[in-house]
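Scroll down for the structure; my scribbles are underneath it.
Please treat every number below as a calculation from the coordinates, not as lab data. Treat the numbers as computed from the prediction; the structure is a model and nothing was measured. All Cβ positions, glycine included, derive from the backbone under ideal geometry; neighbour counts span all protein chains shown.
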Amino acid sequence: MIYGIDVSHGLALDCQSAANLAAVKGNHVPYAFYWYAETAAESGAKREAAFVLSKIRGTSPLFVTYDADVVLLPRSDCRRCWYERIF
């Protein structure tokens, strides 16, 4: 079983994320992070990526799910910002 932890919606931190992370770590449960992007601009994507990465830095999730509405992201600029921040 993998436990999914919501990190944020845009720049709004999920209020349960820290408690959920502590619980899975304390019980040795594998986990992954979920982030829903809310921006339609490249500058906003950079801010969101930096925000999310600052919240999950130092953790060891199996993966991070990046969820964005394709209507908001007609081009790949915002997704590219996220990938550039990771790699």
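A few points about this structure:
- Across all Cα pairs in the stretch 1-56, the calculated P(r) in 10 Å bins from zero up to the longest distance comes to 25, 48, 22, 5 percent per bin.
- Extension reserve of the SER43-ALA19 stretch, reckoned as 0.36 nm per residue once the Cα distance is removed: 5.6 nm
- Backbone N under 16 Å from the HIS9 label point (7 Å along Cα→Cβ), restricted to the stretch 31-64: 34-40
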